[in-house]
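What follows is calculated from the coordinates using simple rules that are stated; it is not laboratory data. Computed from a predicted structure; not experimentally measured. Please note: Cβ atoms are built from the backbone with ideal geometry, for glycine as well, and neighbour counts cover all protein chains shown.
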Amino acid sequence: MRLLGYAIVVAIAATVAAQELSKNVQGPASQPKTAVVAQPAPAGGTPGVAVTQPPERQNARNPEVRKPLPLAAGPPGCYSDQTVTLQADRSGHFTTDVEINGRIIPMLVDTGASIVAIPHEVAIRVGLDLVNGKKGVSHTANGKAQITYARATQLRVGSICLYDVDVAVFPPGALDTGLLGMNVIGKMKRFELSETYLVMAR
């Protein structure tokens, strides 16, 4: 009798354990499963596999995080053997957008300026270091001006890029527009100037 009772208890325990194991493996029918999606192969590559979590696991507090970020519309890259052609404005001046440290600055091409020059307000906007910059004096048409020398990590005109370029920063109100000076122009392999066109190549 004792053996029979013991056998019944063991059988019941085995049945309960099997049911619990089945629940843990299969889970409730309403519980969403993790999806595995085959991705198409990129050009010249091999197909990949993306694992997508159920919706309630994909940052339910902030579903916007799941949306892909748009691609940044960055400037064209920097290449060698590039040519930039500018056309004179109505006043006969040549102006162009110059990028310094990722910021666009309108500049006047000035062969009479020995160095790139920008207003103080612009230097602050592009993040130039004015605290540790060397001080100097510039002789302008309006007299002497106290300037601060700073260094731009990158300067770009079109697809022409220069690195570690010295920049003269003028005090507030002393300069109306940026000047693209000879420390950049002099590094060009080709610089041709006419009444209507200016060509720079590097």
Practice problem: Tell me, yes or no, whether the range 176-189 has at least one residue that is buried (at least 17 other Cβ atoms within 10 Å of the Cβ), within 25 Å of the chain's Cα centre (by Cα), closer than 20 Å to ARG103 by Cα and free of Cβ contacts under 8 Å to residues at least 40 places away in the same chain. | Solution: no
Exercise. Identify the residue in the range 85-122 that is in contact (Cβ under 8 Å) with a residue 60 or more places away in the chain, farther than 14 Å from LEU198 by Cβ and β-branched (Val, Ile, Thr) and, among all such residues, is surrounded by the fewest Cβ atoms within 10 Å (Cβ to Cβ).
Key: ILE115
Quiz item: Is it the case that some residue within the range 147-154 is of a type in the set (Lys, Arg), free of Cβ contacts under 8 Å to residues at least 60 places away in the same chain and closer than 23 Å to CYS78 by Cα?
Solution: yes
Quiz item: Is it the case that the range 133-151 has a residue that's in contact with a strand residue (DSSP E or B) (Cβ under 6 Å, 6 or more places away or on another chain), closer than 25 Å to SER91 by Cα and crowded, with 21+ Cβ neighbours inside 10 Å?
Solution: no
Exercise. Confirm whether THR140 is in contact with a helix residue (DSSP H, G or I) (Cβ under 9 Å, 6 or more places away or on another chain), over 24 Å from ARG202 (Cβ atoms) and among the hydroxyl-bearing types (Ser, Thr, Tyr).
Key: no
Quiz item: Considering only the range 138-152, how many residues are more than 15 Å from ALA113 (Cβ to Cβ) and more than 26 Å from the chain's Cα centre (by Cα)?
Solution: 4
Practice problem: Within the range 80-108, count every residue that is within 17 Å of MET182 (Cα to Cα) and among the acidic types (Asp, Glu). | Solution: 2
